[in-house]
Amino acid sequence: MVDFSPRRVVVWRHGQTAWNAGYRFQGQLDIELDDVGRAQAARAARLLAALSPSAIISSDLARARATADALALVTGLPVSLDKRLREIDVGSWSGLTFAEVSSRFPEEAAEWADGREGRRGGGESLVEVGARAFKAVSEALASLPAGETLVVATHGACGRAVIASLLELPTTSWRALGSLANCSWSIVRETPHGWRLAEHNAGTLPEPVVGDDV
């Protein structure tokens with residue numbers, strides 16, 4: 001029997017921002033963590049450090065970068081920034097609540113609410129996000145030794161797309177994965193037959209956190 005030492009990918013959403021708390025679409029606008037988000041990142045970093053990660057990659061947006069830096073502080077690992085891990089570009093939706101999007105762009109809002117993944121606000125589709133983010137993760141995995149753990153600090157929609165891409169889910173099933181809440185993570189574990197979801201949207205208890213699913 002061939003010895004198999006599985007690798008793990010931890011897909012970790014950034015901590016809370018003031019816009020998360022106000023349920024505003026951030027997209028690729030560079031919004032900082034708020035005080036709650038910084039505390040969430042520090043707490044989550046202590047928990048994730050117990051997984052003995054070997055590498056950290058992160059979106060270059062400030063909220064993800066600061067979240068990754070909290071883990072770097074605990075583990076001593078460097079953070080590799082990659083703009084392909086940025087959040088989905090939501091175009092004209094940026095800065096708006098869903099109620100405001102519904103009022104200004106009712107057809108687009110209805111499409112999104114129904115799970116039909118068009119280009120939000122004229123920006124990107126979730127499938128396009130998955131394509132770019134999956135390349136970034138695949139490149140990082142290419143140099144990750146057997147049995148080691150990669151942490152990917154990213155965003156809600158991008159994180160969902162990365163997980164779905166690793167699992168090779170059909171795009172029509174991507175929404176079966178619930179949205180990652182602020183500073184929560186999912187773990188995807190390698191098997192001889194592909195990647196398998198081992199844990200999803202973890203790390204939130206006992207603290208209440210903001211999520212995007214309603």
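The values are calculated or read from the model by the stated rules, or taken from the named source; none is laboratory data. Source: prediction; values computed, not measured. Positions of Cβ are generated from backbone atoms using ideal geometry, with glycine treated the same way; all protein chains shown enter the neighbour counts.
A few comments on the model shown:
- Count of segment 170-197 residues which are at pLDDT 95 or above, in a loop (DSSP other than H, G, I, E, B) and among the aliphatic types (A, V, I, L, M): 0
- Criterion violated by residue 208 - all others in (1) in a helix (DSSP H, G or I); (2) at pLDDT below 95 satisfied: (1)
- The one condition in (1) in contact with a strand residue (DSSP E or B) (Cβ under 8 Å, 6 or more places away or on another chain); (2) touching a residue at least 40 places away in the same chain (Cβ under 8 Å); (3) of a type in the set (D, E, K, R) that residue 168 fails to fulfil: (2)
- Matching residues, segment 130-153, being under 18 Å from residue 84 (Cβ atoms), in contact (Cβ under 8 Å) with a residue 40 or more places away in the chain and either touching a Phe, Trp or Tyr at 6+ places or on another chain (Cβ under 6 Å) or not small (Gly, Ala, Ser) (or both): 132, 135, 137, 141, 144, 150, 151, 152, 153
- Cross-chain or 6+ apart pairs with Cβ under 6 Å, segment 50-65 first and closer than 21 Å to residue 138 by Cβ and modelled with pLDDT of 95 or more, then among the polar types (S, T, N, Q) and surrounded by fewer than 18 Cβ atoms within 10 Å (Cβ to Cβ): 57/80
- Once segment 1-34 is narrowed to residues that are in a loop (DSSP other than H, G, I, E, B) and among the aromatic types (Phe, Trp, Tyr), the residue that is farthest from residue 123 (Cα to Cα) is 4.
- Verdict on residue 127 being in contact (Cβ under 8 Å) with a residue 60 or more places away in the chain and either aliphatic (A, V, I, L, M) or part of a helix (DSSP H, G or I) (or both): no
- Residue in segment 142-165 that is within 17 Å of the chain's Cα centre (by Cα), over 20 Å from residue 27 (Cα atoms) and of a type in the set (A, V, I, L, M) present: yes
- Selection status of residue 142, touching a His at 6+ places or on another chain (Cβ under 9 Å) and either hydrophobic (A, V, I, L, M, F, W, C) or under 19 Å from residue 196 (Cα atoms) (or both): no
- Failed condition for residue 43, given (1) under 15 Å from residue 184 (Cα atoms); (2) in a loop (DSSP other than H, G, I, E, B): (2)
- The single condition among (1) of a type outside the set (Phe, Trp, Tyr); (2) over 21 Å from residue 148 (Cβ atoms); (3) surrounded by 15 or more Cβ atoms within 10 Å (Cβ to Cβ) that residue 21 does not satisfy is (3).
- One residue stands out in segment 96-132 among those that are farther than 19 Å from residue 172 by Cβ and of a type in the set (A, V, I, L, M): the one that is modelled with the lowest pLDDT, namely 109.
- Boolean, residue 152 is at negative phi, surrounded by 14 or more Cβ atoms within 10 Å (Cβ to Cβ), at pLDDT 95 or above and not in a helix (DSSP H, G or I): yes
- Qualifying positions in segment 66-107 - touching a strand residue (DSSP E or B) at 6+ places or on another chain (Cβ under 6 Å) and hydroxyl-bearing (Ser, Thr, Tyr): 67, 80, 97
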